[in-house]
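Only one structure is covered here, and it is reproduced in the block below.
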Amino acid sequence: MKDCIFCKIVRNEIPSYTVYEDDIVKAFLDISQGTPGHTLVIPKKHIANIFDYDEELASAVFDRIPKIARAVKASNPDIKGMNILNNNGQVAYQSVFHSHFHLVPRYTSNDDFKMIFKDNSNKYSPEQLKAIQESIEQHMGD
Ligand code: 5GP
Ligand code: ZN
């Protein structure tokens with residue numbers, strides 16, 4: 001994709017602090033550095049989001065994430081944990097439409113990264129949960 005910023009990073013037309021690359025993925029520091037060491041892992045092939053992966057590419061990309069995560073963690077003894085997240089669609093905070101996985105090292109539970117999962121369990125009856133479950137199940141393989 002000619003105008004995609006991450007494709008330009010893959011082609012080295014835009015500089016990046018690359019920490020790992022091979023024929024399938026490139027991993028480089030996120031410019032925002034939400035926490036120090038914040039790294040993005042991207043497939044070199046332009047894929048917009050998780051919905052567009054085939055099994056082969058998904059396997060290859062996920063295959064590489066743990067070793068990159070271990071290297072990021074090992075880079076600084078103060079890293080105690082890591083959030084790995086993947087935003088899909090504008091509504092889900094995706095701002096660069098070339099699929100990527102954020103590796104966000106965590107130093108304290110109070111550092112510059114927050115995630116809120118509200119507990120809405122009291123809003124759903126067992127029947128409603130069953131209907132949601134069945135609808136998802138029916139679309140497997142679409
Ligand atoms: P998203 O919001 O789509 O999940 O994440 C996109 C990420 O790409 C952001 O965290 C942003 O800081 C990062 N980003 C945007 N442009 C560049 C760039 O030119 N270089 C690097 N290294 N990161 C970028
Ligand atoms: Zn791209």
Worksheet item: Is it true that Lys2 is modelled with pLDDT under 95 and within 12 Å of ligand 2 (Cβ to nearest atom)?
Response: yes
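With within 16 Å of ligand 2 (Cβ to nearest atom) and loosely packed, with under 14 Cβ neighbours inside 10 Å as the only criterion, which of Ser95, Ser125, Ser121 stands out? Steps first, please.
Values: Ser125 fails: within 16 Å of ligand 2 (Cβ to nearest atom); Ser121 fails: within 16 Å of ligand 2 (Cβ to nearest atom).
None of the others qualify; the one that does is Ser95.
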Practice prompt. Kindly indicate the residue of region 8-36 that is over 16 Å from the mean Cα position of the chain (by Cα) and either in a helix (DSSP H, G or I) or near ligand 1 (Cβ under 8 Å from one of its atoms) (or both) and also farthest from Val96 (Cα to Cα) among those meeting that condition.
Written response: Tyr17
Worksheet item: Any residue in region 80-90 that is within 30 Å of Met140 (Cβ to Cβ) and either in contact with a Pro (Cβ under 6 Å, 6 or more places away or on another chain) or among the hydroxyl-bearing types (Ser, Thr, Tyr) (or both)?
Response: yes
Practice prompt. Tell me which residues, restricted to region 78-88, are surrounded by fewer than 16 Cβ atoms within 10 Å (Cβ to Cβ) and over 18 Å from Cys7 (Cα atoms).
Written response: Asp78, Lys80, Gly81, Asn83, Ile84, Leu85
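Which residues, counting only those in region 5-39, are within 16 Å of Ile65 (Cα to Cα) and either among the aromatic types (Phe, Trp, Tyr) or within 12 Å of ligand 2 (Cβ to nearest atom) (or both)?
Within region 5-39, Tyr20, Lys26, Phe28 qualify.
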Worksheet item: When residues of region 69-87 are filtered for being out of contact with any Phe, Trp or Tyr (no Cβ under 8 Å at 6 or more places or on another chain), assigned to a helix (DSSP H, G or I) and touching a residue at least 12 places away in the same chain (Cβ under 8 Å), how many remain?
Response: 3
Worksheet item: Since Ser135 meets every condition but one in (1) surrounded by 11 or more Cβ atoms within 10 Å (Cβ to Cβ); (2) over 23 Å from the mean Cα position of the chain (by Cα), which condition does it not meet?
Response: (1)
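Can you pull out every residue in region 88-116 that is part of a loop (DSSP other than H, G, I, E, B), hydrophobic (A, V, I, L, M, F, W, C) and under 30 Å from Ile24 (Cβ atoms)?
If we filter region 88-116 for residues that are part of a loop (DSSP other than H, G, I, E, B), which is where we start, we get 88-89, 93-100, 107-116.
This time we only want the ones that are hydrophobic (A, V, I, L, M, F, W, C), so: 96-97, 113, 115-116.
Answer for region 88-116, where residues must be part of a loop (DSSP other than H, G, I, E, B), hydrophobic (A, V, I, L, M, F, W, C) and under 30 Å from Ile24 (Cβ atoms): Val96, Phe97, Phe113, Met115.
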Worksheet, complete the sentence: The condition from (1) within 16 Å of ligand 1 (Cβ to nearest atom); (2) in contact with a Phe, Trp or Tyr (Cβ under 8 Å, 6 or more places away or on another chain) that Phe113 misses is numbered (2)
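The values are calculated or read from the model by the stated rules, or taken from the named source; none is laboratory data. All of these numbers come straight from a predicted model, not from anything done at the bench. Neighbour counts are summed over all protein chains in view; Cβ atoms, including those assigned to glycine, are modelled from backbone coordinates with ideal geometry.
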